[in-house]
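Right, one structure below, let's go through it.
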Amino acid sequence: MSVTVGSSGDIIPLGGEGHTVTLSMPAQPELWSLARMTASGIASRLDFNVEEIEDLRLALDELCSTVASGAGGSGRIELSYRWDESSIEIVCELTSAGEIRGEPSLVHAVQPLGEPGSPASELSVDELSARILDALVDEHGVEPSEQSRRCGWLRKRRSRGAEQS
Amino acid sequence: MDEIFQVVMEERAGVPVVRAAGEVDVSTAPMLRDCLAELPAGSPRVVVDLSDVTFLDSTGLGVLVAGQKRVRAAEGSEGASLDLVVTRPQILKVLEVTGLTSIFSIYSNLDEALGS
């Protein structure tokens with residue numbers, strides 16, 4: 001197991017354009033906490049408030065799980081964290097050793113989920129995940145898989161209150 | 001990294017109480033699921049205390065929903081329920097944005113849950 005971290009651009013001070021941090025790790029769910037921790041650290045330095053940081057951590061966890069689904073725990077995940085003065089974009093790319101099976105539900109998450117008023121108890125985990133992403137980040141999506149590669153992304157903007165502080 | 005999550009089951013005032021602590025995500029949710037699966041069959045009421053849960057993702061939500069269904073589906077369990085204790089705003093928020101506040105009774109502390 002290897003986890004590598006790289007960065008480009010001048011990481012201090014944050015807030016300029018063109019900053020990127022990359023995190024590469026095995027596509028194993030027990031490592032999603034590293035992805036969350038990295039997001040939390042960057043968002044914190046960008047003056048995202050506590051609630052926004054928690055939102056970002058949860059949304060990223062859902063994105064990682066979605067992108068890695070169908071890979072059977074094999075392959076690697078590469079996360080690219082990019083930011084400017086008021087937003088963070090995280091791209092999550094899975095490269096699997098074998099062919100990725102099935103499509104993640106979030107490919108369709110831009111569409112309304114289920115019928116209005118459908119009982120929450122009947123929602124699948126995938127649908128719950130899509131609801132979380134819809135609610136917690138400004139934009140997100142997953143590209144259709146290409147055999148052994150799948151890519152998803154999210155973007156979250158800092159609140160106006162933080163910009164003024 | 002399993003040390004980031006702990007779950008125990010105890011009985012309080014005759015009610016099975018599952019107390020979880022730490023982060024409930026795709027790697028730790030199976031521990032919560034296994035604990036809920038060990039609940040006595042036909043328990044009329046179960047309380048899951050999430051006061052010390054700092055992170056809850058869709059996998060954990062799925063486990064709680066499955067637990068609710070199991071409690072309600074048990075033979076002779078009319079009126080049975082799995083109730084939650086939630087104190088952290090972020091945990092309550094994820095229940096709200098997914099619409100799951102409609103299927104769980106949610107209390108702000110364990111005493112309140114047991115006293116209801």
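Quick note: the coordinates plus some simple rules give every number you see, no bench work behind them. Just so it is clear, the structure is predicted and the values come from calculations on it, not from any experiment. Every residue, glycine as well, gets a Cβ built from its backbone with ideal geometry; the counts of neighbours run over all protein chains shown.
The protection proxy used here, the mean number of other Cβ atoms lying within 10 Å of each residue, ranks peptides A:144-153, B:20-29 as follows, highest first: B:20-29, A:144-153. What whole-number distance in Å separates the alpha-carbon centres of the range B:58-96 and the range A:84-98? After rounding, the separation between the Cα centres reads 32 Å. Per-residue shielding of B:54-67, expressed as the average number of other chain Cβ atoms within 10 Å of the residue Cβ, stands at 5. The calculated FRET efficiency for A:GLU51 paired with A:GLU30, based on their beta-carbon distance and R0 = 30 Å, is about 0.70. Report for chain B the percent antiparallel among DSSP-assigned beta bridges with both residues inside it, nearest 5. Antiparallel: roughly 35 percent of the beta bridges in chain B. Between B:GLU10 and B:ILE106, full extension at 0.36 nm per residue minus the direct alpha carbon distance yields a gain of 32.7 nm. Report ³J(HN,Hα) in whole Hz for each residue of the range A:137-145, in order, from the Karplus equation J = 6.51 cos²θ - 1.76 cosθ + 1.60 where θ = phi - 60°; Gly and Pro get x. The phi angles translate into 10, 7, 8, 7, x, 9, 7, x, 5 Hz. Amide H contacts for B:VAL24 (H built 1.01 Å from N in the peptide plane; partners 5 or more residues away or on another chain; cut-off under 5 Å): B:THR54, B:PHE55, B:LEU56, B:ASP57. Averaged over peptide A:26-33, the number of partner chain Cβ atoms lying within 10 Å of each residue's Cβ comes to 4. Taking amide H atoms as placed 1.01 Å from N in the peptide plane, the amide H of B:ARG45 lies under 5 Å from those of B:SER81, each 5 or more residues away in sequence or on another chain. Rounded to the nearest whole Hz, the Karplus-based 3J(HN,Hα) values (6.51 cos²θ - 1.76 cosθ + 1.60, θ = phi - 60°) of the range B:42-55 follow the sequence x, 4, x, 8, 10, 10, 10, 8, 9, 4, 9, 7, 9, 7, with x at glycine and proline.
Computed from label points 7 Å out along Cα-Cβ, the spacing between A:THR20 and B:THR87 is 4.4 nm.
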